[in-house]
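Data block below; observations after.
The values are calculated or read from the model by the stated rules, or taken from the named source; none is laboratory data. Keep in mind that this is a model prediction, so the values were computed, not measured. As a convention, Cβ positions derive from the backbone with ideal geometry for all residues, glycine included, and neighbour counts pool all protein chains shown. In case anyone asks, the SASA skips ligands and DNA or RNA and just uses the protein heavy atoms, side chains included. Shrake-Rupley method; radii C 1.70, N 1.55, O 1.52, S 1.80 Å.
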Amino acid sequence: MAQQLEGDWLELATTGGSTIRVLKAVHPRARRLRLTVTPKGARVSYPRGTHPAQVSAFLRSHADWLEQKLDELNLLVKPLPPLRVGQPVEIPLRGERVWLDWDEGPYPRIASGEGVLTLILPRPHTRALPVARGLLASHLESLIRRDVSRWLAQYVPQLGLAPTALKVRPLKSLWGSLDTRDRINLDLALALAPPAALRYVLAHELCHLKVRNHSPRFWAQVETLYPNWQEQRDWLRQNGAVLKAELDRLVADVAD
């Protein structure tokens with residue numbers, strides 16, 4: 001089934017249980033639907049006026065081919081094993097691989113060590129999983145806010161503008177956004193990415209305070225604020241689907 005997501009993305013569930021995210025784009029000179037796969041991911045282009053149902057049907061008819069091509073490029077997001085209380089699991093955190101472990105204590109908390117993140121929960125474990133998810137969500141948000149506060153101190157004087165607020169939460173397909181009230185939204189999954197990728201997304205959204213579109217003027221502003229932006233954007237394109245799947249495993253069902 002092809003499902004509509006935020007922005008310009010479609011999500012396709014395959015018979016093998018994997019999830020494929022496909023970038024959709026209107027092509028002004030296109031005469032038919034076209035599906036391409038590159039190291040940056042999958043893209044479907046189509047003539048202007050094409051009904052969304054046609055695009056979804058086209059993707060479904062090519063699901064097996066798409067799954068094979070993405071698998072060849074190591075871009076297919078395989079279903080992840082669920083988070084289970086008491087079972088250690090390796091996860092990404094700030095661009096590194098760390099172990100998520102479990103322990104018992106008088107009150108719920110997270111302890112950070114070298115290469116390990118420990119969820120400490122009291123007995124009995126009647127609500128251990130939702131409590132653990134809440135702890136993880138709060139910890140990941142605190143990591144993002146810590147970095148962002150440091151970078152804002154540099155970028156705000158440089159821009160001469162500042163966001164009115166910052167909200168960190170899981171986002172379906174976006175990495176960040178700037179709303180009409182100048183509030184920045186950042187995806188919680190960015191805590192799993194290298195800090196440089198988070199910094200790019202922050203710089204991107206801050207530049208929208210000056211330029212609300214993606215014109216050459218906007219990208220010139222991004223270049224001024226964060227010269228390495230192309231490398232980080234490409235990293236997110238190649239690794240983003242995996243990060244979002246990891247975040248869903250860790251904090252699924254946690255309220256915004």
Residues of region 61-78 that turn out to be outside any loop (DSSP other than H, G, I, E, B) and either modelled with pLDDT under 80 or among the charged types (D, E, K, R) (or both), as a count:
8
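Residues checked against (1) within 30 Å of Thr118 (Cβ to Cβ); (2) open to solvent by 30 Å² or more (accessible area, probe 1.4 Å); (3) in a helix (DSSP H, G or I); (4) not aromatic (Phe, Trp, Tyr):
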{"site": "Leu209", "(1), (2), (3), (4)": "no, no, no, yes"}
{"site": "Thr224", "(1), (2), (3), (4)": "no, yes, yes, yes"}
{"site": "Trp235", "(1), (2), (3), (4)": "yes, yes, yes, no"}
{"site": "Val242", "(1), (2), (3), (4)": "yes, yes, yes, yes"}
{"site": "Arg249", "(1), (2), (3), (4)": "yes, no, yes, yes"}
Of residues in region 39-60 being open to solvent by 30 Å² or more (accessible area, probe 1.4 Å), more than 22 Å from Ala13 (Cβ to Cβ) and not small (Gly, Ala, Ser), the one modelled with the lowest pLDDT:
Pro39
Identify, from the list Arg217, Arg150, Arg183, the residue that is touching a Ser or Thr at 6+ places or on another chain (Cβ under 6 Å) and either at pLDDT 95 or above or among the basic types (Lys, Arg) (or both).
Arg183
Could you tell me which of the residues Val222, Val201 is at pLDDT 95 or above and touching a Cys at 6+ places or on another chain (Cβ under 6 Å)?
Val222
Residue by residue through region 109-136, note down the ones that are open to solvent by 60 Å² or more (accessible area, probe 1.4 Å) and either in contact (Cβ under 8 Å) with a residue 40 or more places away in the chain or more than 26 Å from the chain's Cα centre (by Cα) (or both).
Arg123, Pro124, His125, Thr126, Arg127, Pro130
May I ask you to list pairs of residues, at least six apart or on different chains, whose Cβ atoms are under 9 Å apart, with the first in region 193-217 being of a type in the set (Asp, Glu) and the second being assigned to a loop (DSSP other than H, G, I, E, B) and surrounded by 17 or more Cβ atoms within 10 Å (Cβ to Cβ)?
Glu205/Pro163; Glu205/Trp175
Subset of region 181-207 that is under 16 Å from Ala162 (Cβ atoms) and in a loop (DSSP other than H, G, I, E, B) - its residue that is farthest from the chain's Cα centre (by Cα)
Arg181
Can you name the number of the only condition in (1) touching a residue at least 60 places away in the same chain (Cβ under 8 Å); (2) assigned to a loop (DSSP other than H, G, I, E, B); (3) more than 27 Å from Val98 (Cβ to Cβ) that Leu174 fails?
(3)
Every residue in region 82-108 that is surrounded by 14 or more Cβ atoms within 10 Å (Cβ to Cβ) and acidic (Asp, Glu), please.
Asp101
Subset of region 139-176 [hydroxyl-bearing (Ser, Thr, Tyr) and either in contact with a His (Cβ under 9 Å, 6 or more places away or on another chain) or buried (at least 16 other Cβ atoms within 10 Å of the Cβ) (or both)]
Tyr155, Ser173
Is it true that Arg217 is over 15 Å from the mean Cα position of the chain (by Cα), in a helix (DSSP H, G or I) and charged (D, E, K, R)?
yes
Residues of region 183-203 being within 15 Å of Pro227 (Cβ to Cβ) and open to solvent by 20 Å² or more (accessible area, probe 1.4 Å), which ones?
Ala196, Arg199
